[in-house]
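Written below as structure tokens is the structure these notes are about.
The values are calculated or read from the model by the stated rules, or taken from the named source; none is laboratory data. Values in this document were obtained by computation on a predicted structure and should not be read as measured data. Note that each Cβ is placed from the backbone with ideal geometry, even for glycine, and that neighbours are counted across all protein chains shown. Just the protein is used for accessible areas: all its heavy atoms, side chains included, with ligands, DNA and RNA removed. Shrake-Rupley method; radii C 1.70, N 1.55, O 1.52, S 1.80 Å.
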Amino acid sequence: MSKTIRYTLLSLRDLVVSAGPFLVLAITLLVLAYAWLDPNPPKRVVLATGPAQSAYEEFGKRYVKTLAADGIEVVLLPSQGSAHNLQLLREGKVDLGFVQGGTSDYSATDAENLTSLGSLFVEPLWLFYRERILRQAQDQQNKTATSVGAASPPAGAADPAPPGRRRSAPSGGSAVREATSVGALVSLTQLQGWRINLGTEGSGVPSLMGKLFESNRVELSSLTITTLDQTPATVAFLGGELDAIVFASAPESLMVQMLLQTPGVKLMNFTQSEAYSKRFTFLTPARLPQGVVDLARNIPPEDVSLVAPTTSLIARTTTHPALVQLFAQAGNVIHGPVGWFKAAREFPNRDNSELPISKEAERAIKNDAPLLQRYLPFWVANLVERMWLVMGIIIAIMLPLSRIVPPLYEFRVRSRIFRWYGQLRDIEARIEATGDNQALLEELNDLESHAEKISVPLSYTNELYALRSNIHLVRKKLMRT
């Protein structure tokens, strides 16, 4: 058994030594390809989210949990909001971040350095107001209308309007007159004179609301504007220090859920939502169905129309493609289910994207997880998926070269035997040239001794025995002389 093992190991050693240069070449090519392609991503990535208790923070926590299953540590970096996230991305301080549509005007540099993973969800513009403040404003308008009516000409006086035409109604806009009759806030023009918080500059909401106020011809000087963070602004709003509060957030936000169910707090109905979506391409109309917040308490008591920008997950182009793929696949799981403002599998999508969609995200949105990732750990599947082309090229190069290995192996083994034939032929040639047969016999015996110690694989022992047989023939010839 020991000799069998010895011969087997000897054969393997010869094979390894013969194929060694080709193995070294193949490994070198693989190492160079790995360094060039860099297939496996870093295990740590930074995601810019948003203020505390915001939807961005809640979604960020879901990404942390989802990517942890693949060994990726997602570090959440709180921010002031969408505009701040975009700034952090531009400065290279984060790898990915949530950015709301209409937050900023993208430049050519942004298109080169940033890429989108698709639209993830809509963020309705929530304008909450205190019902008592609106009632007071309406009472004041009614008093003004009454005083105007008392000052009108007495009965029988000449009507200044031309015959056949009705007298025009007092100024203020049809939307305001309708609000007075139904007791609801439906137009931004009704906010004049109010104390309103538009959020921090980093949230992007002040810029968005500035565009909406301008389109409604509402002068910002007619408002008392504050720029508090969400939490302190909500506290001030509930404490009566503010008349209205505005922020853009997904309905999953804890702040939204709380304010929708707070007595005395109402949500503005954007009855002109379709018009807003036509005027501003980054806005889409949304509808909050009656009773969706609380069916038992019928909250809200009627359908509420809203306007909603779309939020995308933006990554730097230097972010590892495998990480982009993982985040895009996680987005399918996190944002795919049905919600208040979306149908199942409506998000993520490639609509309303202000930046180019990354190839990895586009594949993830169109298709399910790759085949290998369904059955293999992510690291193995990702390595094969990103290296298969290079590995195929290396195999195509090495296959023709590998044909040299068998002849080289055979030459290496047989050379141990053939190199003794030179000495044997030299001894035979000197038999008749010299008369010292004893010296030649000793030299021949020494050659035979070396031949007995030659180790070759079993498949080549016939040649070893042939050498020993030829040595015996030379000995017989030497003995006859």
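Over the alpha-carbon set of region 235-320, work out the extent along each principal axis and list the three values in angstrom, largest first.
48, 30, 28 Å, listed from the longest principal axis down.
Summarise the long-distance tail of P(r) for the chain by giving the % of C-alpha pairs beyond 30 Å.
The answer is 64 percent, as a whole percent.
Considering Cα pairs under 8 angstrom that are at least six residues apart, work out the relative contact order of region 272-362 and quote it in whole percent.
22 percent
Suppose all protein chains stay in the model; what accessible area per residue would a 1.4 Å probe give for region 227-367, in Å²?
Heavy-atom SASA per residue in region 227-367 reads 44 Å².
From the protein chains alone at 1.4 Å, what is the descending order of accessible area for ILE395, ILE357, largest first?
Sorted descending by solvent-accessible area, the residues read ILE395, ILE357.
If R0 is 41 Å, what FRET efficiency do you get for PHE22 and ARG480 from their C-beta distance, rounded to 0.05?
0.25
Could you work out the relative contact order of the chain, using alpha carbon pairs under 8 angstrom and six or more residues apart, expressed as a whole percent?
Averaging sequence separation for qualifying contacts and normalising by length gives 22 percent for the chain.
Taking the alpha-carbon distance from LYS93 and a cut-off under 26 Å, which lysines remain once sequence neighbours fewer than 8 residues away in the same chain are dropped?
LYS43, LYS61, LYS65, LYS359
As I understand it, the dipole of the chain uses +1 on the Cβ of Lys and Arg and -1 on the Cβ of Asp and Glu, about the Cα centre. Which of ASN197, LEU458, THR319 lies farthest toward its positive end?
Value: LEU458.
Under the rule of -39500 (n - 2.57) per DSSP H run of 4 or more residues, summed and divided by the residues of the chain, what mean residue ellipticity at 222 nm is obtained, to the nearest 500 deg cm²/dmol?
Using -39500 (n - 2.57) per qualifying helix, the result is -16500 deg cm²/dmol.
Along its three principal axes, how long is region 322-481 when you only count alpha carbons? Whole Å, largest extent first please.
Result for region 322-481: principal-axis Cα extents of 111, 26, 18 Å.
Note down the nm distance, to one decimal, between modelled labels 7 Å out along Cα→Cβ at LEU29 and at LYS453.
It is 4.1 nm.
Please state the relative contact order of region 311-468 as a whole percent: Cα pairs under 8 Å, 6+ residues apart?
15 percent.
On a 0 to 90 degree scale, rounded to 10, what angle separates helix 461-480 from the longest Cα axis of the chain?
Computed tilt is about 20 degrees.
What net charge is computed for the residues neighbouring SER253, neighbours being all others with C-beta under 10 Å from the C-beta of SER253, Lys and Arg scored +1, Asp and Glu -1?
Combined, the nearby Lys, Arg, Asp and Glu give -4.
With a 1.4 Å probe and every protein chain left in place, tell me how much accessible area ARG363 has, in Å² to the nearest 10.
120 Å²
LEU254 label point, 7 Å along Cα→Cβ, cut-off 18 Å on backbone N: hits in region 49-92?
Counting backbone N atoms under 18 Å from the label point, the list is 49-65, 76-81.
Calculate, in nm to one decimal, what TRP388 and ARG412 gain on full extension: separation in residues at 0.36 nm each, minus their alpha carbon distance.
Result for the pair: 5.2 nm of gain on full extension.
Ignoring ligands and nucleic acids, what accessible area does ASP95 show with a 1.4 Å probe (Å², nearest 10)?
Spelled out: ASP95, probe radius 1.4 Å, area about 50 Å².
Once you place label points 7 Å from the Cα toward the Cβ at GLU302 and THR281, how far apart are they in nm?
Taking the simple label geometry, GLU302 and THR281 are separated by 3.5 nm.
Which percent of the accessible area of the chain is formed by carbon and sulfur heavy atoms (probe 1.4 angstrom)?
Carbon and sulfur atoms account for 57 percent of the accessible area of the chain.
Once you have the Kirkwood Rh of region 15-111 from its Cα pairs, apply Stokes-Einstein at 10 °C and 1.306 mPa s and quote D in µm²/s.
Once the numbers are plugged in, D ends up at 97 µm²/s.
Can you give the FRET efficiency for ASN445 and VAL405, using 1/(1 + (r/R0)^6), R0 = 51 Å, r = Cβ-Cβ distance, to the nearest 0.05?
0.85
Compute the length gained on full extension between LYS366 and SER469: take 0.36 nm times their separation in residues and subtract their Cα-Cα distance, giving the result in nm to one decimal.
Working it through step by step, the gained length comes to 29.6 nm.
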